[in-house]
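Worksheet: one structure, shown below.
The values are calculated or read from the model by the stated rules, or taken from the named source; none is laboratory data. Remember, predicted model here, so these are calculated numbers, not experimental data. Ideal geometry is used to build each Cβ from the backbone, glycine not excepted, and the neighbour counts take in all protein chains shown. Side chains are part of the model used for accessible areas, which takes the heavy atoms of the whole protein and leaves out ligands, DNA and RNA. Shrake-Rupley method; radii C 1.70, N 1.55, O 1.52, S 1.80 Å.
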Amino acid sequence: MKIDILTLFPKMFQALDESLLGKAQAKELLNINICDFRQYSTDKHHHVDDTPYGGGAGMLLEPQPIYRAMDAINEADPNFKRVILMDPAGQRFDQSIAQNLAQEQHLVFICGHYEGFDARIEKLATDRLSIGDFVITGGEMAAMMMIDALARFVPGVLGNQDSAYSDSFSAGLLEYPQYTRPAEYRGMKVPEVLLSGNHQKIAQWRHQESLKKTYQFRPDLIKQADLSTADRQFLADLQQDDN
């Protein structure tokens, strides 16, 4: 997968060279290119922002540098690409969107800054995405989070690809509790079922623990989850115990 990132702060993306994403790039599973779109400004001082027409606070990103940067990307690769604009008005990014984006061959992330961007930049985007209802300085952090999340679904990035599909939110529920050695530490014991070797009972325990954890910490997800009759009965029993 190829990923182009348009930003005014390329050094922020040095974090993508570490950990899982760094290994994925070393294996050429990901090809991440950071583009400082300031270099595409035709202004002699390389300005990329200006005051808004009609007045108002703050500065807006001009369309010209970003359009010229996209022209260069399209000239190098004329094939279709998903262009994601970091936008607080965009669709809320989640695990299903990450999985969907991971199917693409080429993604472009446009990171805004300052007060916002000229509305004509929106026409470049195939997707407008947000990470939540709060304000951050620019789109760089949001883009890094999205890239990290979607990369987990790119084949070969994880040692065990099944891990991506058992993570929290992948099945609409939070992930079940997990344990490793020792079997007992400071009086805290690993649940006996996990030591039993009975894979059917372990799977059942994990599923019920996912339901329980989601019910306790993210009940809003329960309303959207695809639940079986047995799941609903288990949750009803939990609710009765709480009352």
Zone reached by a paramagnetic label modelled 7 Å from residue 185 Cα along Cα→Cβ, restricted to the stretch 200-218 with backbone N below 13 Å, covers none
Heavy-atom accessible area with a 1.4 angstrom probe orders 46, 199, most exposed first, as 199, 46
SASA check, residue 19, accessible area w/ 1.4 Å probe, all protein chains in place, rounded to nearest 10 Å², comes out at 90
Regression test value, accessible area per residue of the chain, probe 1.4 Å, units Å², expected 61
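Write out the trypsin sites (Lys or Arg not before Pro) in the stretch 30-86 meeting two conditions: DSSP loop, and at most 15 other Cβ atoms within 10 Å of their Cβ.
Here the trypsin sites (Lys or Arg not before Pro) that fit, given the DSSP loop and packing criteria, are 44.
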With every protein chain kept in place and a 1.4 Å probe, the residues 242, 118 fall, from largest accessible area down, as 242, 118
The relative contact order of the chain, taking Cα pairs under 8 Å that sit 6 or more residues apart, comes to a percentage of 18
Full extension between residue 202 and residue 223 adds, at 0.36 nm per residue less the Cα distance, a length in nm of 5.1 nm
Taking Cα atoms, the helix 140-151 axis meets the longest principal axis of the chain at an angle in degrees (rounded to 10) of 50
The helix 199-217 Cα axis meets the longest alpha-carbon principal axis of the chain at an angle in degrees, between 0 and 90 and rounded to 10, of 60
Those chymotrypsin sites (Phe, Trp or Tyr not before Pro) from the stretch 1-109 that are DSSP loop and have at most 13 other Cβ neighbours within 10 Å turn out to be 53, 80
Of all DSSP beta bridges with both partners in the chain, the antiparallel percent, nearest 5, is 15
Matching label for the computed semi-axes √(5λ) of the Cα gyration tensor in Å, out of (i) 28, 22, 15; (ii) 92, 15, 13; (iii) 43, 21, 16, is (iii)
Of the accessible area of the stretch 1-87, computed with a 1.4 Å probe and all protein chains kept, carbon and sulfur make up a percent value of 50
Checking the stretch 177-227 for trypsin sites (Lys or Arg not before Pro) in a loop per DSSP with at most 14 other beta-carbon atoms within 10 Å yields 186, 223
